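The values are calculated or read from the model by the stated rules, or taken from the named source; none is laboratory data. Nothing here was measured: the structure is a model prediction, and the numbers come from that model. Quick reminder, even Gly has a Cβ in these numbers, built from the backbone with ideal geometry, and neighbours come from all protein chains shown. Just the protein is used for accessible areas: all its heavy atoms, side chains included, with ligands, DNA and RNA removed. Shrake-Rupley method; radii C 1.70, N 1.55, O 1.52, S 1.80 Å.
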Number of protein chains: 2
Amino acid sequence: MNGTGCPIGEARYREIVSAHGAGGRLMHSLIRDVLLGGEARGAVVHDGAVLDVGGGRIAFTTDSYTVTPLFFPGGDIGCLSVWGTGNDLAMCGARPRWLSCGVILEEGFPVEILERIMASMRSAAEGVGAEIVTGDTKVVERGKGDGIYINTAGIGWVHPAATIGPNRIVPGDLIILNGDIGRHGIAILTAREGLEFEHGVLSDAADLSDVVWAMLEAGVELHCLRDLTRGGLASGLVELSEGVDLEFRLKCGRISVDPAVETACDLLGLDPMHVANEGRFVAVLPEGSVESALRVMAGRGHAGVVIGRVGAEGPAGVRLETEYGTESWVRMLSGAPLPRIC
Amino acid sequence: MNGTGCPIGEARYREIVSAHGAGGRLMHSLIRDVLLGGEARGAVVHDGAVLDVGGGRIAFTTDSYTVTPLFFPGGDIGCLSVWGTGNDLAMCGARPRWLSCGVILEEGFPVEILERIMASMRSAAEGVGAEIVTGDTKVVERGKGDGIYINTAGIGWVHPAATIGPNRIVPGDLIILNGDIGRHGIAILTAREGLEFEHGVLSDAADLSDVVWAMLEAGVELHCLRDLTRGGLASGLVELSEGVDLEFRLKCGRISVDPAVETACDLLGLDPMHVANEGRFVAVLPEGSVESALRVMAGRGHAGVVIGRVGAEGPAGVRLETEYGTESWVRMLSGAPLPRIC
């Protein structure tokens, strides 16, 4: 038993369950086997596609946003739908340039709320230097939606120096994380359930394209990037590790969790490693690039820290070393403890 | 009174109503004023954005699909989500190349149905020469969706010879329609309501990018293209006419309607001019290009016919001349007699 997550037995599922959208193993198998028709089977499904258009390379990605509530501490569905898609582009080494906006509205949704959300979306787009150039609206009957769902597809220019992807990960690479984990999921959950903790938790939702672009401009050699949304840090790293068939070793003490997030996770029986982020990512890069990467991150307000290393040999999996020298395997998220966080 | 459609009084709407998604005036004001933040106010909202990428021009567009039922005579939500988006690209003079696929699934949706839909989507993509390169799934609780909603954004290469847009329409241009109207809307409606007519009506849902590309390759000078989806032929032409402030004059006898569609429309109190199509478009072009356009259309199985002409002067509006010499103004669709047809 390698402990990296037991298969959930996808074949048993005849109906869609919440976990199919939760960012764990079941969602990835659904995207690979059903959406992409098995063509990508075995490959690591990356955040976006990189396409050659003659005058350079563009990245292209899509994300639908169904977050509830629509407004939460630190953001709303509007800015999230720009940052989330922009961050997928950033993970390809691209800077968002053009965005689409497809909204599915439920009858009865207040126009004033829609206007606030769209204003937030446009403001976030301006902030990342992108334009919303095409849009579509559909309206569904009451009880067939949940106020508003937004799809944002995005196109961005890939940095000329970027060659980023799981296949570039090599033994000895270091793994950098850009801040504390779990704030987005907990912020959503507390807003949704009306929970109160001593210190309110703000979502970490933010643009990542600026810091990634700055690293590329500074000549940082980035092997692979992964934003840590649904399924959290654990799922992102396990998927990468399995995809490249190399062991990742993490130092538990390096991974920072806000005390309020820790309290909330303890109370709710959640592991912060599985809780979603919307402004956190890992960079896998050669040791020689770490110093400049951390310098660029710090200059842009990101608390970057080396959390681990890619091992020299398998088996694939993510091992977490505690401060006491004990070790455990990190598992990909299974089930859906926190649905609809993005 | 110019008769081109009385304003619905958008300001009165504080909540989203079905008509906001129906393809008429209310939807267009919502997209312009709220989604695009008024920046496109006064401009004709075209089907997609044309973007210069150095090595050529790409078109970029998005559409969400909420059609019910998911399977209908002549198609399903899967192929529709490829053709619909591909047709928006075609209306920019582009051939679809890369597609995204974002699905919003309701818990409990049968995986087998999802597989059938995705197979239809991939097959349609292959048929138009496009690849689905990026995807996303979200799952919402029962009662917060309707089985499946699909968003398909698309990128296509614009033909080097294409300069297509409302601003190119000039007095004297002719207007070509590529077939009979109203079949898609009636096919959906009969499938949804379980209605039976003597002759079943098949949706006209089809790819249009092939015939448009062939016209461009044949050197046909296309001034403007418009696919006739939500709101039908009437809404598409009224919007164009108002956008360019020129009168369009149509010959009623040239516009063909299948007898079964006509019967259904009579029974249901619908005007075929307002009923949605998913494989019909108008081309506005100079008289000198008409013959070759019709030849290319015929070679690809499209029953192209000249239905009218752009007048030399205003006021803007679409006039329909009957065979008896009487005239009436064509109005943009108001209300939402046929919701969720795409």
**Message:** Taking a ≥ b ≥ c as the square roots of the Cα gyration tensor eigenvalues, with a/c under 1.5 meaning rounded and otherwise prolate when a/b beats b/c, else oblate, which class fits the protein assembly as shown?
**Reply:** prolate
**Across the identical copies, how the B:SER123 labels are spaced - nm, sorted shortest first, 7 Å along Cα→Cβ** = 4.8
**Asked** Roughly what % of Cα-Cα distances in the range A:211-294 sit above 17 Å, to the whole percent?
**Response** 55
**Prompt:** Once you put a point 7 Å from the Cα of A:GLU126 and another 7 Å from the Cα of A:ALA214, both along the Cβ direction, what distance in nm separates them?
**Reply:** 2.2
**Asked** Between A:ARG97 and residues 5 or more places away or on another chain, which pairs have amide H atoms under 5 Å apart, with H built 1.01 Å from N, and which residues are they?
**Response** A:ILE155, A:GLY156, A:TRP157
**Fill in**
For B:LYS144, counting only aspartates and glutamates whose alpha-carbon sits under 12 Å away and dropping same-chain residues fewer than eight positions off, the answer is A:GLU106, A:GLU141, A:ASP146, B:GLU106, B:GLU107
**Request:** Please calculate how many Å² of accessible area the range B:49-158 carries per residue, with a 1.4 Å probe and no DNA, RNA or ligand atoms counted.
**Result:** 26
**Inter-copy spacing of A:LEU202 label points, which lie 7 Å from Cα along Cα→Cβ, given in nm from shortest upward** = 6.0
**Request:** With a point put 7 Å past each Cα toward its Cβ, work out how far A:THR263 is from A:ALA119 in nm, to one decimal.
**Result:** 3.3
**Message:** Shape verdict for the range B:166-330, please, from the Cα gyration tensor: rounded (a/c under 1.5), prolate (a/b greater than b/c) or oblate.
**Reply:** oblate
**Request:** Could you work out the local net charge near B:ALA90, counting Lys and Arg as +1, Asp and Glu as -1, over the other residues with Cβ closer than 9 Å to its Cβ?
**Result:** -4
**Message:** Just checking the output field for B:56-68: average partner chain Cβ neighbours within 10 Å of each residue's Cβ?
**Reply:** 6
**Message:** For a quick check: with amide H placed at 1.01 Å from N, whose amide H comes under 5 Å from B:ASP258's, ignoring anything fewer than 5 positions away on the same chain?
**Reply:** B:ILE181
**Message:** Once you keep just the Cα pairs under 8 angstrom separated by 6 or more residues, what percentage relative contact order results for the range A:247-342?
**Reply:** 49
**Asked** Summing -39500 (n - 2.57) over the DSSP H runs of n ≥ 4 in chain B and dividing by its residue number, what mean residue ellipticity at 222 nm do you reach, to the nearest 500 deg cm²/dmol?
**Response** -8000 deg cm²/dmol
**Item:** Label point 7 Å beyond Cα along the C-beta direction, distances from B:PRO315 to other copies (nm, shortest first)
**Value:** 7.8
**Prompt:** Which net charge results when you count Lys and Arg as +1 and Asp and Glu as -1 among the other residues whose beta-carbon is under 12 Å from that of B:GLY75?
**Reply:** -3
**Prompt:** At a 1.4 Å probe, what is the % contribution of carbon and sulfur to the accessible area of chain B?
**Reply:** 48
**Over chain A, relative contact order from alpha-carbon pairs under 8 Å, at least 6 apart, %** = 25
**Message:** From Cα pairs below 8 angstrom and at least 6 apart in sequence, can you work out the relative contact order of the range B:49-158, rounded to a whole percent?
**Reply:** 43
**Request:** Please list, in chain and number order, the residues 5+ apart from A:LEU208 or on another chain whose amide H is under 5 Å from its amide H, with Hs placed from the backbone.
**Result:** A:ASN87
**Interface size A-B, as summed buried accessible area [1.4 Å probe, Å², nearest 100]** = 5900
**Message:** Full-extension gain between B:GLU287 and B:THR163, please, as 0.36 nm times their residue separation minus the C-alpha to C-alpha distance.
**Reply:** 42.9 nm
**Prompt:** Who wins for biggest fluctuation among A:THR62, A:THR263, A:THR152 in a Gaussian network model of chain A, springs between alpha carbons below 10 Å?
**Reply:** A:THR263
**Hz values of 3J(HN,Hα) by residue in the range B:58-70 - Karplus curve (6.51, -1.76, 1.60), Gly and Pro given as x** = 10, 9, 9, 8, 9, 8, 9, 10, 10, 4, 9, x, 6
**Message:** Which of the three applies to the range B:49-158, rounded, prolate or oblate, going by the alpha-carbon gyration tensor with a ≥ b ≥ c and a/c under 1.5 meaning rounded?
**Reply:** prolate
**Prompt:** Once you average over the residues of A:123-136, how many Cβ atoms of partner chains fall within 10 Å of each Cβ?
**Reply:** 5
**Asked** In whole Hz, what ³J(HN,Hα) sequence does the range B:325-342 give by Karplus (6.51, -1.76, 1.60; θ = phi - 60°), x for Gly and Pro?
**Response** x, 7, 10, 9, 8, 8, 9, 5, 4, 10, x, 9, x, 10, x, 6, 9, 8
**Message:** Taking beta carbons within 10 Å but only from partner chains, what does the mean come to for residues B:306-318?
**Reply:** 0
**Under the Karplus curve 6.51 cos²θ - 1.76 cosθ + 1.60, θ = phi - 60°, whole-Hz ³J(HN,Hα) for the range A:94-99, x wherever Gly or Pro sits** = 10, 10, x, 10, 10, 10
**Cα centroid separation - the range A:155-224 against the range B:271-321, whole Å** = 51
